[in-house]
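The values are calculated or read from the model by the stated rules, or taken from the named source; none is laboratory data. No experiment lies behind these values; they were computed from the predicted model shown. Don't worry about glycine lacking a Cβ; one is built from the backbone with ideal geometry, like all the others, and counts go over all protein chains shown.
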Amino acid sequence: MDYYQKAVRYIQERVENPTFFVFGATDNDFIHKLDLGVNFENLGESHITADNQHHDMFLMSACKYGIIANSTYSWWGAYLGRQKDIVIAPSSWIPVEGSYQIIPKEWIKIESTKNPHIIPPMQPKDNPHKKPPYSPKRFFKNLRYLARYDIKEMYHNQRNYQFSPQIAENFAAMLRDEIKNDWDIITPPKIKNEFETLQELIDTQKSFIRFGDGEYMIMNGEDIGFQKYNENLARNLQEIIVSNDENLLIGIGNLWFSVPDKNFRAGSYKYTWALGEYANITRYLTKGKIYGSTNVSQVYAAYKEYDFERHFKMLRQIFENKKVVLVCGDRVLKNIQYNLFESYEIEMIFGPTRDAYNALDELKTECLKKSKDCILIFALGPAGKALAYEMFKKGYRVLDLGHAIKDYDAYKRNIPMTNEEMVKFFAPD
């Protein structure tokens with residue numbers, strides 16, 4: 001109860017005259033005990049019960065600000081909990097999807113973390129009723145499933161199994177078979193592969209900013225090896241990843257949404273880190289948006305077999321005959337034998353290897369001294385992405401290439417990418 005009251009105070013401090021909408025599943029007494037300062041008489045029906053859910057779903061969907069509380073077993077709450085622009089309290093829901101009404105433009109998002117934050121306003125979504133999210137066919141299939149299996153027995157049995165990469169692969173194969181009848185409602189993001197991403201950057205003047213595990217961790221309130229959590233940085237990253245500028249290509253991990261290829265060195269990573277963070281990853285996706293591949297910066301570290309020569313030739317072609325300004329950590333080039341930018345006209349702007357976001361203003365001042373004829377290339381972690389976006393809005397072409405400098409060097413030196421070398425590769429310089 002303290003958590004919900006704290007969430008209300010958090011909104012009241014940041015929103016002028018907020019409109020609350022409390023969602024309480026079937027527990028009416030709990031809602032009234034919260035004493036959230038909400039005038040139930042003025043709001044009319046202000047919580048959902050099993051009997052009035054359709055009417056209240058409409059009211060809640062039209063509400064600009066709200067809190068969803070005490071609905072762990074609600075299929076409506078479960079659906080809302082999967083959206084990236086919905087209030088979530090608590091932040092974990094039963095993963096069951098059901099029918100729904102209007103999806104609002106924006107909500108305040110409250111998370112039970114030490115660093116709560118507000119998601120930027122989102123674009124209105126398409127009509128969700130184009131395809132029914134839950135068909136009668138699926139409903140009766142689930143009933144048959146429940147009739148065949150003892151859920152309690154399944155729970156006790158699964159405790160005897162040890163998780164392993166093989167179990168993860170088997171799970172993925174089994175899941176693909178189980179969802180065949182749900183194919184019409186599955187809308188995975190559209191992500192270009194590495195060569196398609198490079199070709200678009202060659203053919204156009206688009207800028208490019210990538211998102212990997214570090215950026216999602218920062219947005220989720222966590223520290224990473226070379227950047228401590230910063231609330232403003234998290235807000236910057238959230239704004240970037242949901243941006244909708246046709247001249248900015250956002251890169252995300254295509255591995256997270258496809259079956260890992262055996263050629264991929266870290267295929268099990270999908271079923272470890274990415275599996276645990278999947279809700280956080282999908283929260284920021286925009287339906288219908290086309291993304292680039294974040295892996296363009298680390299193909300040698302990522303793939304056992306690949307046309308590396310073609311890849312790096314295309315990568316260098318992007319800034320061929322261009323003035324290049326490289327914004328990177330002050331130790332990035334320290335151990336490099338083969339420079340990706342050799343034979344190119346290049347200027348350098350160095351920032352701190354760790355916690356570069358603290359020097360953002362100084363770095364921005366230096367970048368603004370450069371001509372807009374230059375391409376600004378960033379290898380500065382999450383802080384570099386925030387700075388790249390600022391410069392993009394100022395009219396510069398920016399390319400966030402991250403590990404590409406080290407990746408090219410490792411390829412040219414033919415470094416065997418053992419587990420030990422992989423750890424070194426991704427460690428802070």
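Return yes or no: is residue 357 farther than 24 Å from residue 219 by Cα, touching a helix residue (DSSP H, G or I) at 6+ places or on another chain (Cβ under 8 Å), touching a residue at least 40 places away in the same chain (Cβ under 8 Å) and in the same structural domain as residue 225 (by TED's automatic domain parsing)?
When the stated conditions are applied, residue 357 does not pass them.
When the range 217-244 is filtered for residues that are farther than 23 Å from residue 419 by Cα, in a loop (DSSP other than H, G, I, E, B), touching a residue at least 12 places away in the same chain (Cβ under 8 Å) and of a type outside the set (Lys, Arg), the ones remaining, listed by number, are 220, 221, 229, 230, 242, 243, 244.
Just to be sure before I move on: is residue 268 polar (S, T, N, Q), surrounded by 14 or more Cβ atoms within 10 Å (Cβ to Cβ) and either at pLDDT 90 or above or outside the structural domain of residue 398 (by TED's automatic domain parsing) (or both) in the structure I sent? Explain how you work it out, then say what you get.
On the way: polar (S, T, N, Q): yes; surrounded by 14 or more Cβ atoms within 10 Å (Cβ to Cβ): yes; either at pLDDT 90 or above or outside the structural domain of residue 398 (by TED's automatic domain parsing) (or both): no.
It is false that residue 268 is polar (S, T, N, Q), surrounded by 14 or more Cβ atoms within 10 Å (Cβ to Cβ) and either at pLDDT 90 or above or outside the structural domain of residue 398 (by TED's automatic domain parsing) (or both).
Only one of the listed residues (329, 288, 276) is in the same structural domain as residue 372 (by TED's automatic domain parsing), modelled with pLDDT of 90 or more and not β-branched (Val, Ile, Thr). That residue is 329.
Under the condition of being surrounded by 22 or more Cβ atoms within 10 Å (Cβ to Cβ) and under 23 Å from residue 426 (Cβ atoms), the residues counted in the range 195-219 number 10. Checking 269, 291 one by one, the residue that is in contact with a strand residue (DSSP E or B) (Cβ under 6 Å, 6 or more places away or on another chain) and either under 23 Å from residue 385 (Cα atoms) or in a helix (DSSP H, G or I) (or both) is 291 and no other.
Can you name every residue in the range 336-359 that is of a type in the set (Val, Ile, Thr) and farther than 21 Å from residue 412 by Cβ? Hits for the range 336-359 are 349, 353. So for the range 390-413 (the condition being surrounded by 14 or more Cβ atoms within 10 Å (Cβ to Cβ), at negative phi, charged (D, E, K, R) and under 22 Å from the mean Cα position of the chain (by Cα)), does at least one residue qualify? Looking for residues that are surrounded by 14 or more Cβ atoms within 10 Å (Cβ to Cβ), at negative phi, charged (D, E, K, R) and under 22 Å from the mean Cα position of the chain (by Cα), one finds at least one in the range 390-413, hence yes. If we scan the range 309-320, do we find a residue that is surrounded by fewer than 19 Cβ atoms within 10 Å (Cβ to Cβ), in contact (Cβ under 8 Å) with a residue 24 or more places away in the chain and within 20 Å of residue 425 (Cβ to Cβ)? No, the range 309-320 has no match at all. Candidates are the residues of the range 220-236 that are within 19 Å of residue 276 (Cβ to Cβ) and either crowded, with 21+ Cβ neighbours inside 10 Å or among the charged types (D, E, K, R) (or both); the one that is farthest from the chain's Cα centre (by Cα) is 223.
Quickly run through the range 330-376 and pick out the residues that are touching a Cys at 6+ places or on another chain (Cβ under 8 Å) and crowded, with 17+ Cβ neighbours inside 10 Å.
Residues satisfying the conditions are 349, 350, 351, 376.
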